[in-house]
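K.L.:
Handing you a structure now.
What follows draws every value from the coordinates through simple rules; no lab data is involved. These numbers come from a predicted model, not from an experiment. As a convention, Cβ positions derive from the backbone with ideal geometry for all residues, glycine included, and neighbour counts pool all protein chains shown.
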Ligand code: HEC
Ligand code: HEC
């Protein structure tokens, strides 16, 4: 019995020391492997392209403001404060307006570029991969930062993230900046450019590929099957590959695809940012369509994309 108590005490001591170590060291600092050299521009065409990315193809605003403002269509100021509840932490998105106290006004171009390309925040901390723009081109990254600089500062203090012990352990040992090679590709309507958009700008891949418990990709790329519980409904992303029986859009022409994007949401609670994508340029939508058409067909069957949740009686 005495021996058991001794062992138990040693174990408790070790665990406490480990947790203390995590508590003191989970806020690690990282350096970007490469200085991006990105500089904001005041050229109106560059700013306009940045605005297009933020409000359409890259849909930044859908995460960088509270849902309440989006529902009221008051999307002008990306004041942050969108809440993501996860089992490990509550995250609050930052204020992206150039306010110097509560927003990004005090950050350098390099700090902003590093956040988007290397997922390292202004403070040097590694960010959880909510954003999927790491390989975005210098051209698009410059445009976005130029646009952010041109907006009106709005003071809105956003609370800091709130991680539990598991979250802190993950931050200490698991969450690291990704290794990235930016894809500097020129805009056109080719399969290659569509691939660039689907992976690095519009995040079609992130939602239309199935994932495992920790967010890792497990399904065929773009073959759907990833699920969301939203309110009273369950959404499942459809299979976008050109399979003749399981491909959701197999029978859609390029024109059908473009028209579908212009129409916006069918299901009000859909997690897909349809409102943002409804203003995407026809050329960008075409490129994405051509890319999806060139994918290897996957037989992954997604029966329906929307279902009312069965409630337990
Ligand atoms: C899916 C939701 C989502 C989208 C879309 C999104 N963000 Fe974020 N963003 C976040 C979250 C969450 C954080 C905080 C992550 C963390 O600290 O771990 C963040 C952090 C940032 C930061 C870091 C600020 C700092 O403290 O250094 C910048 C800059 C940023 N986002 C810009 C953008 C831009 C530009 C876009 C569009 C190209 C965008 N975000 C789209 C969720 C999103
Ligand atoms: C945040 C997650 C998310 C992102 C990003 C996303 N989708 Fe979806 N998508 C969904 C979900 C969930 C559905 C099913 C619900 C619905 O139809 O709105 C869906 C449905 C669709 C449909 C079927 C629509 C219909 O009327 O049957 C198409 C086509 C589609 N997505 C294409 C794309 C393309 C192309 C992109 C990138 C430009 C993309 N999605 C980005 C989650 C997403």
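K.L.:
Restricting to the chain, what percent of DSSP beta bridges are antiparallel, rounded to 5? Show your work: numbers first, answer last.
P.N.:
Details: 14 of 15 bridges.
About 95 percent, rounded to the nearest 5.
K.L.:
Return the calculated 222 nm mean residue ellipticity for the chain, to the nearest 500 deg cm²/dmol, obtained by summing -39500 (n - 2.57) across DSSP H runs with n ≥ 4 and dividing by the residue count.
P.N.:
Numbers: 11 runs with 106 residues, N = 313.
Per the formula, -10000 deg cm²/dmol.
K.L.:
Order of 175-185, 25-35 by packing, highest average Cβ count within 10 Å first?
P.N.:
Values: 175-185: 14.6, 25-35: 13.1.
Answer by packing, highest mean first, reads 175-185, 25-35.
K.L.:
Which whole-number percentage describes the relative contact order of the stretch 44-173, with Cα contacts under 8 Å and a sequence gap of 6 or more?
P.N.:
Computed over the stretch 44-173, the figure is 32 percent.
K.L.:
Please rank 304, 293, fewest neighbouring Cβ atoms within 10 Å first, as an exposure proxy. Mind dumping the intermediate values first?
P.N.:
Details: 304 9, 293 18.
Least crowded to most crowded, the residues run 304, 293.
K.L.:
Mind running the shape call on the stretch 191-308? Use the C-alpha gyration tensor, a ≥ b ≥ c as the square roots of the eigenvalues: rounded below 1.5 for a/c, prolate if a/b tops b/c, oblate otherwise. Working shown, then result.
P.N.:
On the way: a/c = 1.44, a/b = 1.17, b/c = 1.22.
Rounded, because the longest to shortest axis ratio a/c is under 1.5.
K.L.:
A further question follows. Report, to the nearest 10°, how far helix 2-25 tilts away from the longest principal axis of the Cα atoms in the chain, using its own Cα long axis and a range of 0 to 90°.
P.N.:
In the chain, helix 2-25 runs at an angle near 50 degrees to the longest axis.
K.L.:
Quick check: from the Cα gyration tensor, does the stretch 126-207 come out rounded (a/c under 1.5), prolate or oblate?
P.N.:
Oblate, because a/c is 1.5 or more while a/b does not exceed b/c.
K.L.:
Could you rank the peptides 15-21, 151-157 by their average count of other C-beta atoms within 10 Å per residue, with the highest value first? Let's see the in-between values first.
P.N.:
Details: 15-21: 10.7, 151-157: 15.0.
Top of the packing list down: 151-157, 15-21.
K.L.:
Tell me, what is the percent relative contact order of the chain, built from C-alpha pairs under 8 Å that lie six or more residues apart?
P.N.:
Details: 555 pairs, mean separation 55.7, N = 313.
Relative contact order, the chain: 18 percent.
K.L.:
Here's something else I'd like to know. Hey, can you rank 283-289, 43-49 by average C-beta count inside 10 Å, highest first?
P.N.:
Taking the mean over residues of other Cβ atoms within 10 Å, the ranking is 283-289, 43-49.
K.L.:
Please work out whether the stretch 1-142 counts as rounded, prolate or oblate from its C-alpha gyration tensor, where a ≥ b ≥ c are the square roots of the eigenvalues and a/c under 1.5 means rounded, while otherwise a/b larger than b/c means prolate and anything else oblate? Mind dumping the intermediate values first?
P.N.:
On the way: a/c = 3.29, a/b = 2.09, b/c = 1.58.
Since a/c reaches 1.5 and a/b is larger than b/c, the shape of the stretch 1-142 is classed as prolate.
K.L.:
Rule-of-thumb check for the chain: C-alpha Rg over 2.2 N^0.38 Å?
P.N.:
1.11
K.L.:
Right, here's the next one. Mind jotting down the distance between the C-alpha centroids of the stretch 33-108 and the stretch 244-313, whole Å?
P.N.:
What the calculation gives is 25 Å, centre to centre.
K.L.:
I need to check one value: relative contact order of the stretch 191-308, counting alpha carbon pairs closer than 8 Å and at least 6 residues apart, in percent.
P.N.:
Numbers: 205 pairs, mean separation 39.1, N = 118.
Relative CO of the stretch 191-308 lands at 33 percent.
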